[in-house]
Amino acid sequence: MPLQVLLVEDSPGDLRLTREAFRDVNPFVHLDVAKDGVEAMAFLRRETGHVHAARPDLILLDLNLPRMDGRQVLALIKEDDNLKSIPTVILTSSELEADVMKSYSLQANCYLSKPMHFEAFHSLVKSINDFWLNSVKLPEHKGAGGGSA
Amino acid sequence: MALEVLLIEDSPGDVRLTQEAFRAANNGVHLHVVNDGVEAMAFLNREGGYAQAPRPDLTLLDLNMPRMDGRQVLALIKNDDGLKTIPTVILTTSTAEDDIVASYRLHANCYFSKPVQLEDFESLVKTINDFWLTTAKLPREEKPAGTTNGAGNNRAD
């Protein structure tokens, strides 16, 4: 069964690294991409252009994004009765303590900072896959539900 | 620097397994144990005999416990401005889909069902240690030595 991962990321380089790393570590991951917070929310709410969007099993969310930043996206997800159960992992270049604290207080499921080097990035994606997609129990989404019940 | 982990677990066997597995996985972990939800909240709020309790870097929470169960503890932690930032991992024998979804809705950071085999239990504790205590960035509370201002800890950030 494919695993749906939504990556919310504006950097083409990080996008490419994440895509390649998932391809290596788990061919069953289907990676959808949103390039800013507005697009991420349209995807999650299956609005225009995203009516057939899959409900993600896991969201990887950058903090600094154009139009609507990751903190706002996180707050919207975790206040939405329909979306709040989706594990949302912050994946950002920020190592600011204020960002870490703020993210956990907005109920991020966990916070990871992006490493600089390719090998370390690859190994972080492997950790995410091993932990979130192979070890923890994720909530199941039966049928096509998840958008509007 | 020691990592403070709070294990909230009523089964003596599982407490022992967890202690032994952490000892093997990471000797920098200081594991505190409480046996039910009431005691857990006293520890987290530094009440009664827990006035000197450290703030946990990570909490491992069983669901089915006497006096106050894990669902109630989770709701209290995740609705408390002072405590909600502590990553809280559900570690339970329950594999019921209702428990999984309800836990994520209450903002559990993640959910694990306890394996039956000893080796699998050890490997799960290692997985939790490797991800939460070495890979993830944990919130770091400023801890001025000796300040325990009890409950209602309103942090101005």
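No lab work stands behind these numbers, since they all come straight from the coordinates. The structure displayed is predicted, hence computed values, not measured ones. All Cβ positions, glycine included, derive from the backbone under ideal geometry; neighbour counts span all protein chains shown.
Given +1 on the Cβ of Lys and Arg, -1 on the Cβ of Asp and Glu, and no further charges, what dipole in debye does chain B carry about its Cα centre, rounded to the nearest 20?
460 debye
Set the bar at 23 Å for Cα to Cα. Now go through A:78/A:126; A:102/B:126; A:114/B:78; A:137/B:78; A:102/B:78; A:84/B:78 and name every pair that lies beyond it.
Where the Cα-Cα span goes over 23 Å, the pairs concerned are A:78/A:126; A:102/B:126; A:114/B:78.
Averaged across the residues of B:128-139, what count of C-beta atoms belonging to other chains lies within 10 Å of each residue's C-beta?
That works out to 5 on average.
Report Rg(Cα)/(2.2 N^0.38 Å) for the protein assembly as shown, keeping two decimals.
Compared with the compact-globule rule of thumb, the protein assembly as shown sits at 0.98.
Residue A:75 to residue B:130: FRET efficiency via 1/(1 + (r/R0)^6), r the Cβ-Cβ distance, R0 45 Å, to the nearest 0.05?
The calculated FRET efficiency here is 0.95.
Suppose every Lys and Arg Cβ carries +1 and every Asp and Glu Cβ carries -1, with no other charges. What dipole size does region A:3-135 come out with about its Cα centre, to the nearest 20 debye?
The dipole of region A:3-135 has a size of about 240 debye.
Take peptide A:103-115, look around each residue's Cβ out to 10 angstrom, count Cβ atoms belonging to other protein chains, and average those counts.
Partner-chain Cβ atoms within 10 Å, mean over residues of A:103-115: 5.
Quick check: pseudo-label points 7 Å beyond the Cα along Cα→Cβ at residue A:52 and residue B:97, how many nm apart are they?
Roughly 2.5 nm, to one decimal.
If I take all pairs of Cα atoms in chain B, what percentage of them are more than 21 Å from each other?
It works out to 43 percent of all Cα pairs.
Between region B:93-143 and region A:1-74, how many Å separate their Cα centres?
Using only Cα atoms to place each centre, the spacing works out to 24 Å.
Contact order normalised by length for chain B, with contacts defined as Cα pairs under 8 Å and 6 or more residues apart; what percent is it?
Relative contact order here is 25 percent.
Per-residue mean of other chain beta-carbon atoms within 10 angstrom of the beta-carbon, peptide B:120-127?
1
So what's the convex hull volume per residue for the Cα atoms of chain A, in Å³?
Spelled out: Cα convex hull of chain A, divided by residues, is 107 Å³.
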